[in-house]
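Have a look at the structure below, then the notes.
Each reported figure results from applying straightforward, stated rules to the coordinates on display, with no laboratory input. Because the structure is a prediction, the values reported are computed rather than measured. FYI the Cβ positions are ideal-geometry reconstructions off the backbone, even for glycines, and counts take in every protein chain you see.
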């Protein structure tokens, strides 16, 4: 009887979970999206879907768990799952994401993690299940995710906190004793947030600290909890692709490093541009022999004046929460007209800071530059950074400390859209600077020539010809027939002139980190296909793809569409295929791709006091190699065959742009202005990636002990076979050994 009652209770709970939505957080910081309950007790199953709090630009992880209603699955089951995320408004980038999940016989539950591109903020997620090509009855349901707990909160910076919970807490005794990080100072420094007015609460309990970090912050920074259990950590860097920084205790990182796949995913994310902040790091060395942490100079530490200037103490301390407007944007409550009518007086930031100093709050503490810099070590890995803090528990930490950590590198490093040079929703004016010339448009000159010829032939020539042969009445049939023939010919010429092959213009940039053994490819690629391609764009699974558009994708006042999208993504074990309107017919489309990979160097160097030799370890010849030695002298070598070495020659010019056939990517002329129909927004972005900015600077002046080289395109990064490339370039950049 008790067993029957328990079963009924579990069944009711499952049904309720399938029809309602809970945003409760579990230990790993996941929010429950919903549950699909399929079939009977004997043969049925359920699919539970969870996702991390803190959505942002990048790829959103979705956690799937299939479990049987009986004790175990009676046979192998293969499910095709389609996710259709939609925003508040219909957009030109609504996608359907397809993935196949195989559950083995006798399994009591299988867990899968899929990484879905987050191009626009989601307000709802439709899930559809099929098996053996047949839709499963009651296997389609739409869930609301229109809450700041799971939605993009317009934050500038996203921070992950890698901390033990569950199994990881039991396995790592030292880390389990550590308190959860206190994020109050980080909220102020990273998110332009308010100063904490509870100055009498210098120390919070571990539960309060966890709740504080996982709630929606009243600032433009948000935090995501990450469980350090290697069995539940992501095995692809795409799981962390939405984060700008991750905070972790040194012992926790050492524990994770003993498990290759989750640790490799973490280092891939760093190489792709992420910032890893390690605390309690006295005596810590980064796992592996390839990364060396270097001391921080005392001159990098700001003094009290600089800290006070950063805190903007003359402004009001805006503690109002974030609010989501009905049109989908996120603003501070203080910007709401109704709130402003309440005449609420906000405390001045200076008053709060003075109270902190009076109570000797740790956030207001000031150390000498020598004392603070002695606690820090840092280095680069790929396009990202690693910073170690010796303090056993630097939380909440002084504003001085976190300002130092924040400012060690380019300020754009911690802002996703500025580091990656794109905000998909906003469009980008650089789209116009990397188009394929003379494709997709009408043959204007030929049209005028044929039109002139047609008028002459159909006019005096045709009239005289048919009059001479006494067939003037045939002119009534000849004129439309010739017009039809010329029109069809003009149309066929327009198609054939653009060619049958897919055409690509690629600007591939590869950063080589020889010390860490990493290569990071960041590519801007434009595609044109006369007839479209059914196989679409196929890229390795570890490659992120972001559309670059000439206008914003949001279309206001148009409700979301739950029907099938015309853009499909098929996720497999080794690749992602982007099909449908990702590569349409007769339209130029442009994408940014990002792929970090642990790989041997492509270019090596041997140098002495008066000579420099380049070694080509890549499979393709190097067209041109430029290097600047310790004294700033430029060296150049040309046409270096694959697998061979060549002595470099001193250059008589100090301008790299004269030596290498690469142009800067700059908006140096007005871009086209599209008509505004009242629904579609114009492009509001004109960013370059940090690597593109760096290349622009290097073309003017190459830094000492650095190099750049040109070579053939990486064909696997193009994503299309049998393509015709034109106006393309592949630049390899890095430091000299």
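Annotations
- Principal-axis analysis of the Cα atoms of the chain puts helix 444-456 at an angle of about 20° to the longest axis.
- Shape of the chain, Cα gyration tensor, a/c cut at 1.5: oblate
- Set the Cα radius of gyration of region 280-406 against 2.2 N^0.38 Å, with N its number of residues, and you get 1.40.
- Residue exposure proxy: 159, 296, ordered by other Cβ atoms within 10 angstrom of their Cβ from fewest to most, comes out as 296, 159.
- Antiparallel DSSP beta bridges within the chain, percent to nearest 5: 80
- Spatial separation of Cα centroids for region 311-369 and region 241-290, in angstrom: 33
- Length added when fully stretched, residue 573-residue 285, from 0.36 nm per residue minus Cα-Cα: 100.3 nm
- Pairwise FRET efficiency - residue 205 versus residue 342, Cβ, R0 = 45 Å, nearest 0.05: 0.85
- Mean residue ellipticity (222 nm) of the chain, computed from DSSP H runs ≥ 4 via -39,500 (n - 2.57), nearest 500: -6000 deg cm²/dmol
- FRET efficiency estimate (nearest 0.05) - Cβ-Cβ, residue 652 to residue 370, R0 51 angstrom: 0.70
- Between region 68-87 and region 640-659, the Cα center-to-center distance that results, in Å: 57
- Nitroxide proxy distance, nm - points 7 Å out along Cα→Cβ at residue 631 and residue 661: 3.2
- With Cα atoms defining each centre, region 491-536 and region 564-621 are spaced 10 Å apart in the structure.
- Annotation: the residues 528, 263, 395, sorted from fewest to most other C-beta atoms within 10 Å of their own C-beta, follow the order 263, 395, 528.
- Given their separation in residues at 0.36 nm each and the Cα-Cα distance between them, residue 705 and residue 461 gain 80.5 nm when the chain is fully extended.
- Rounded to 10°, Cα long-axis angle of helix 260-271 versus longest principal axis of the chain: 70
- Shape class of region 64-131 from the Cα gyration tensor (axes a ≥ b ≥ c, square roots of the eigenvalues): prolate, since a/c reaches 1.5 or more and a/b is larger than b/c.
- Order of 32, 361, 473 - criterion: other Cβ atoms within 10 Å of each residue's Cβ, fewest first: 473, 32, 361
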